[in-house]
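To keep things clear, I will list the structure first and then write my remarks on it.
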Amino acid sequence: MRRFSTSATLFGLALACAVPAAAGELTVYTALEADQLKAYKEAFEAANPGTTINWVRDSTGIVTAKLLAEKDNPQADVVLGLAATSLMLLDKEGMLMGYEPKGIQALTATYRDPANPPKWVGMDVWSSALCFNTVEGGKKGLTAPQSWADLIKPEYAGQITMPNPASSGTGYLMVSAWLQLMGEEKGWAYMDALHNNIAAYTHSGSKPCKQAAAGEYTMGLSFEYRANKSKQDGAPLDVILPSEGVGWDMEAASILATTKNVEDAKKLLDWSVSKEANELYAKSYAIVAMPGIAKPLEFVPADIEQRLIKNDFAWAAANRDRILAEWSKRYDGKSEPKS
Amino acid sequence: MTAVAPTALAPVRQKLSADEVLMRIGVVLVGCFLLLAVVLPIWALLKKAFEDKSGNFVGLANIEQFFATPSLATSAMNSVFIALVSTVLCVGLAFVYAYGLMRTCLPGRGFFRIVSQIPLLAPSLLPAISLVYLFGNQGFATWLLFGHSIYGPIGIVIGEVFWTFPHALIIVTTALAIADARHFEAAQSLKASEWRIFMTVTLPGIRYGLISATFVVFVLVITDFGVPKVIGEQYNVLATDIYKQVIGQQNFQMGAVVGLVLLTPAVIAFFIDRIAQRRQTALLSARAVPLIPKPNKTVDWAFFAICSVIAAMIIIVLAVAFIASIAKFWPYDLTPSLKNYNFDMMDGGGWESYRNSLTMSALTAVIGTAVIFTGAYLLEKTTRFSAPRSIVRFLTLLPLAVPGLVLGLGFIFFFNDKDNPLNFIYGTMAILVLCTIGHFYSVAHLTATTALKQIDPEFETVSSSLKVPIYKTFLFVTLPVCLPAVLEIAMYLFVNAMTTVSAVVFLYSPKTTLASIAVLNMDDAGDVAPAAAMAIMIFMTSAVVRILYTIATGSFLRRAQAWRRR
Amino acid sequence: MAVRISATRTFSSTCRAEVALSRAKAEEAKPRPQQPYLSIRNLTKRFEKFAALDNVDLDIAEGEFVSILGPSGCGKTTLLRAVAGLDVQTSGTVHQAGRDISNLPVSGRDFGIVFQSYALFPNLTIAANVGYGLTSAGYKRQEIEKRVTELLNLVGLADQAKKYPAQLSGGQQQRVALARALALSPGLLLLDEPLSALDARVRARLRGEIRDLQRRLGITTIMVTHDQEEALTMSDRVVVMSKGRIEQIGTPDEIYGRPASAFVADFVGRMNFIPGNLLSDSMVEVKGAKLDFAEPVGLGRGSAVTVCIRPEDVVLHRGNGSDPNRLDAQIGVMEFVGNHFSTVLHAENTNLNISADFSMNDVREFGLASGKTVPIRLPPDRLRVFPNPPSEA
């Protein structure tokens, strides 16, 4: 053990700058977009002085895998903004703590875990969307697809990117939606055909739309917030919600059963169902958990709520491992590195 | 005369002086440091490769599974292919460039030298990002690829050649520097043709240098993941697989196996390189007459042209990243803007990660230089104690055989273990500093040792005979005399800590995001231009440090001229 | 190679100040006058199987200047390093001033040391170098300054105090090293090939200066050298070593004039080696010539021996007497080597060839020339007879 004590002295200097986790600090795992995190953190910390958030952000699949891998020694106190399907997986492992946040009554009844007290509470809904670069489309003489079925047309070969469902929640909700819309057999056949048109499977759900925005590829399968944002930033994009209906998932929040900081964790969940929080969600998403707050996004069709498919969360969560394994077996060769 | 009776022939054991006790403790401490920073993490990784998820020993099961997984086997083939092609191209180019610098009188030698070092100042992600802007679907010069895609093997190879180029160049230049002019004169006097002289004198003279460069580049490429990560897209290689297995699927066992697979070529290369270097040094005869190239218009201008093309490519890659980073919305709106430098709105930790990188690099430079230089001193100057010294000396070279990616992975396994009393440094700045020092220990150690060998070996004897404690001589004589080497080590550690991705990618935490990792994460999220911007920030920081180093060394030498002038 | 001991020593004229160093320490460390200051007993140093020092005994009196002379690898440096505690012996003891220092670390011993490389600290001034040990010993600033000035005066470099070592010549640097080694008034001065890095002219001058300084300070000194001229000119006594053993200890005169072994005879100065057989206790037969010799060897008749004589000991026979060891010899090729002629003589009616040196005077006086036959004599007291035939060097 002397080895450790002697080296500990060697590191005295280095440690001086390593801030130990103090009370009042929450380690929050999230798959929210980086450009949303700052506003959420500021709003929460302003409402709860003395409590600070340390974000650990990555794509949905990574955060899920990380949480599962850390099952025996969880580092997170709270998960905020992770797909409900993923939280259901964690719940199955017994990792979540039931808690009914103050003010949960104000939320739409379906946007929460039906258990009592709920293991997770919904924040907002995000759904898939297609970004089509009109400039590049024009150059190549391509017309924008209007439906999922259009995407497998041969002229789109090598023009499409989509997120890898193993790492990206956005990717998984698309795959899950196709399988639910078309049935397993036709769904996989559709993806086989689509695979021929895919230039690359990206790590994150945002990247396909950002690449389409930069014209690197003509179109990218992404989600509505990113599509809207990219177009706001001046990209020559059409934001398309395919006609068969779009896949969706819910971003939700939950407390880890193992947290040592229950009080602060509860504060964060209370905040997450508040009106103020929902107003923030509404800046990014067209559908939020608290009724009457949502307002249409500038470049996303206003009737988006009607276009959502009927989503069986329980099925999507229960079959996640099987679907991802099958997907990886079929298409992993074209996946961008990092899952 | 018999006052002093001859005692029995019992072996004499010399009493230890305070200095010797101090130095031995120091040697042991340095050994412990290396144990912590290199040996135990690697051991943890090796162990993990033979365990199942619950930690039971499973023999070769994981390794069998690796070879039975077609995608992983394909990655291994891809890795070898990429590494081979990149190595041949890189060493070839480096040879031509070095030949121009060392054996011809081409104009602008100093300029070419400086340009060749540019890739060392940026993470390997930078050339990959530049290549996207150059040859991607919206690139400046996509037509040059004649319809081939930059995403995949072509892009990986070009990127790898770019960032390994200075490594190969340094080795080949050193090899070319030690030619004996008399061999050339002898060959010329025998009326050998230029070609024959080249084949019979030039090439054999540097063959060990070329072998060394070949293996160094091969290992750098096969273990690099920055370039394939950014531009490889669907083309999988082992270095990205290890990352996928560990980060993407949190499959640590398989990650450890891939780590083991990557460790193998690195270890082989390590031994071949050591042998080659020893032979190369042996070629250097004390009576060699340095070769001074004679001007030859045709040859000089030919090499000027070739070197200009290579230098231009390096500059273009850097310039493109810079231009892309200041364009408002590539490729549709090219008005200059600092929008992409607004890192706080992006993935990767924002400006905080840049500040973290500065802190991490500064700590690495200060602590690393102190530990490494003192360690080298202790190993050189401690008397007797030879077994522990040779063990520790071996440990100082071990990092050369360990790819950063593998070391980083080992760090997770070792430090994230709940039973490790040092578990608390997991997720802190300390673990990043420790890992980075461990990763770059060997080269810095060799620099220190070389400098120490050049000073008089009897300083310590003289001070002991004058009853001066050793630490005083170390502080007041050795350290000042070796200051240029000390500065060089600090600069080397700082720049590498700024640019490294491979080891620390597994170890950063939300509080300790780093600039180089931010480049990676921003690129992942599709924010390619901000990624380029951050890479440029890293480059500029490294460049500034390098310039400061040059100024500091220069002023030191001027100040020290009083006692250096002969 | 042939060297006569030069009668004139170049004494230093640069030591301007006659500073008598107080050597209180040495005074009190003198319990009995007859007891040696440094006493080495059974000193053995083994590396694996090879013995670098093999049972060496040596006594050195207080104030004595002893040189250890021998070819490289003979163990002379190992002996010095054992005395200094740098490479401690495998077995055996070293006593200094009555104190057993056999297993003390370097810093626990009492000596000053000067190396071939000077080992001056390049980043410190001359004054700082000389005062290096004083500063650490906790003297006051004025004391240090005074002592440094004293020491620099002693070596004649007081005006160089503010310079850096690299600005001094090699000889000057070595004198600084000497001053530094003397700063703490050690009881013993160790010189490890101190002059080898210098060029011939400087070396000759510094030889005298060091010797002069040593005499004035009365400091017991051991010098290791491979240069016989250095050893013979500077020392009170010379220790000749070979293969880890002491071959001979003696005054320079003894070493040169009466080598105790064939090895010493061969290593110091030039020597004719002639194989022969003993005829009696005082006569030996060499290649057909019968020669008398003075010193009995205590071997039986007919024993194979080697007869040695230095080329300069071969003399021209004056007068007509039939002295013993008179031979007629034909002069071979005459080589002019500066201050004398060197030649090979062939003794008539024998197979004996002997190298001989003749002074310019002899050559002129006797009209010596190649091919001429002259009477020569090999003085019996100059003949050395050794039992072991050495390999012809």
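The values are calculated or read from the model by the stated rules, or taken from the named source; none is laboratory data. Computed from a prediction, not measured in an experiment: that's the story for all the values here. Don't worry about glycine lacking a Cβ; one is built from the backbone with ideal geometry, like all the others, and counts go over all protein chains shown. All accessible areas refer to the heavy atoms of the entire protein, side chains included, with ligands and DNA or RNA removed. Shrake-Rupley method; radii C 1.70, N 1.55, O 1.52, S 1.80 Å.
Table for the structure above
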{"read-out": "Test: residue A:123 is in a strand (DSSP E or B) and open to solvent by less than 10 Å² (accessible area, probe 1.4 Å)", "value": "yes"}
{"read-out": "Filtered residues of segment C:285-318 (kept if closer than 15 Å to residue C:362 by Cβ, open to solvent by 40 Å² or more (accessible area, probe 1.4 Å) and part of a loop (DSSP other than H, G, I, E, B))", "value": "C:318"}
{"read-out": "From B:153, B:228, residue being modelled with pLDDT of 90 or more, open to solvent by 20 Å² or more (accessible area, probe 1.4 Å) and within 14 Å of another protein chain (Cβ to nearest Cβ)", "value": "B:153"}
{"read-out": "So residue B:486, is it surrounded by fewer than 23 Cβ atoms within 10 Å (Cβ to Cβ), within 22 Å of the chain's Cα centre (by Cα), under 30 Å from residue B:18 (Cα atoms) and among the β-branched types (Val, Ile, Thr)", "value": "yes"}
{"read-out": "Filter result (away from chain B (no Cβ under 12 Å), in a helix (DSSP H, G or I) and within 27 Å of the chain's Cα centre (by Cα)) within segment C:153-175", "value": "C:154, C:171, C:172, C:174, C:175"}
{"read-out": "All helices (runs of 4 or more DSSP H) inside segment C:75-149 with 2 or more residues being at the interface with chain B (Cβ under 9 Å from one of its Cβ atoms) and over 32 Å from the mean Cα position of the chain (by Cα)", "value": "C:132-137"}
{"read-out": "Condition check for residue B:467: more than 18 Å from residue B:357 (Cβ to Cβ), open to solvent by 10 Å² or more (accessible area, probe 1.4 Å), within 11 Å of another protein chain (Cβ to nearest Cβ) and out of contact with any strand residue (DSSP E or B) (no Cβ under 6 Å at 6 or more places or on another chain)", "value": "yes"}
{"read-out": "Residue count for segment C:46-71, restricted to those that are in a strand (DSSP E or B) and touching a residue at least 12 places away in the same chain (Cβ under 8 Å)", "value": "16"}
{"read-out": "Residues of segment A:224-239 that turn out to be in a strand (DSSP E or B) and open to solvent by 10 Å² or more (accessible area, probe 1.4 Å), as a count", "value": "2"}
{"read-out": "Counted residues, segment C:96-106 - those being of a type outside the set (A, V, I, L, M, F, W, C) and surrounded by fewer than 20 Cβ atoms within 10 Å (Cβ to Cβ)", "value": "4"}
{"read-out": "Qualifying residue in segment B:88-100 (condition: within 14 Å of chain A (Cβ to nearest Cβ) and open to solvent by 30 Å² or more (accessible area, probe 1.4 Å))", "value": "no"}
{"read-out": "Residue, farthest from the other protein chains (Cβ to nearest Cβ), within segment A:34-69, restricted to residues that are closer than 16 Å to residue B:345 by Cβ and open to solvent by less than 10 Å² (accessible area, probe 1.4 Å)", "value": "A:40"}
{"read-out": "Residues satisfying the stated conditions in segment A:70-89, i.e. open to solvent by 10 Å² or more (accessible area, probe 1.4 Å) and more than 12 Å from chain B (Cβ to nearest Cβ)", "value": "A:77, A:88, A:89"}
{"read-out": "Filter pass, residue C:23 being touching a helix residue (DSSP H, G or I) at 6+ places or on another chain (Cβ under 8 Å), of a type in the set (D, E, K, R) and at pLDDT below 85", "value": "yes"}
{"read-out": "Which numbered condition residue B:526 misses (of (1) part of a helix (DSSP H, G or I); (2) without any contact (Cβ under 8 Å) to a residue 12 or more places away in the chain)", "value": "(1)"}
{"read-out": "Members of segment A:201-214 that are over 18 Å from residue A:173 (Cα atoms), at the interface with chain B (Cβ under 9 Å from one of its Cβ atoms) and in contact (Cβ under 8 Å) with a residue 60 or more places away in the chain", "value": "A:213"}
{"read-out": "Single unsatisfied condition, residue A:325 versus (1) open to solvent by less than 10 Å² (accessible area, probe 1.4 Å); (2) within 14 Å of chain B (Cβ to nearest Cβ)", "value": "(1)"}
{"read-out": "Extreme residue, modelled with the highest pLDDT, among residues of segment A:240-260 that are charged (D, E, K, R) and surrounded by fewer than 22 Cβ atoms within 10 Å (Cβ to Cβ)", "value": "A:244"}
{"read-out": "Residue among A:190, A:217 that is open to solvent by 10 Å² or more (accessible area, probe 1.4 Å), in contact (Cβ under 8 Å) with a residue 40 or more places away in the chain and part of a helix (DSSP H, G or I)", "value": "A:190"}
{"read-out": "Residues of segment B:17-51 that turn out to be more than 33 Å from the chain's Cα centre (by Cα) and surrounded by fewer than 16 Cβ atoms within 10 Å (Cβ to Cβ), as a count", "value": "2"}
{"read-out": "Scan of segment B:101-136 for residues that are in a helix (DSSP H, G or I), of a type in the set (Gly, Ala, Ser) and open to solvent by 10 Å² or more (accessible area, probe 1.4 Å), ordered by number", "value": "B:110"}
{"read-out": "Residues located in segment B:289-346, provided they are in contact (Cβ under 8 Å) with a residue 40 or more places away in the chain and among the acidic types (Asp, Glu)", "value": "B:300"}
{"read-out": "Residue within segment C:255-276 that is surrounded by fewer than 20 Cβ atoms within 10 Å (Cβ to Cβ), touching a Pro at 6+ places or on another chain (Cβ under 9 Å) and among the hydrophobic types (A, V, I, L, M, F, W, C) present", "value": "yes"}
{"read-out": "Checking residue B:371 against (1) open to solvent by less than 30 Å² (accessible area, probe 1.4 Å); (2) more than 12 Å from chain A (Cβ to nearest Cβ); (3) under 22 Å from the mean Cα position of the chain (by Cα), the condition it does not meet", "value": "(2)"}
{"read-out": "Residues within segment C:187-204 that are crowded, with 21+ Cβ neighbours inside 10 Å and closer than 22 Å to residue B:457 by Cα, tallied", "value": "7"}
{"read-out": "Among residues of segment C:129-162, those that are modelled with pLDDT of 90 or more, open to solvent by 10 Å² or more (accessible area, probe 1.4 Å) and within 17 Å of residue C:119 (Cβ to Cβ), counted", "value": "1"}
{"read-out": "Answer residue from segment A:275-310, given it is open to solvent by 70 Å² or more (accessible area, probe 1.4 Å) and assigned to a loop (DSSP other than H, G, I, E, B) and is nearest to residue A:229 (Cα to Cα) among those", "value": "A:298"}
{"read-out": "Condition check for residue B:159: small (Gly, Ala, Ser), in contact with a helix residue (DSSP H, G or I) (Cβ under 6 Å, 6 or more places away or on another chain), open to solvent by less than 10 Å² (accessible area, probe 1.4 Å) and closer than 27 Å to residue B:334 by Cα", "value": "yes"}
{"read-out": "Residues satisfying the stated conditions in segment B:303-318, i.e. under 14 Å from residue B:94 (Cβ atoms) and under 25 Å from the mean Cα position of the chain (by Cα)", "value": "B:307, B:310, B:311, B:313, B:314"}
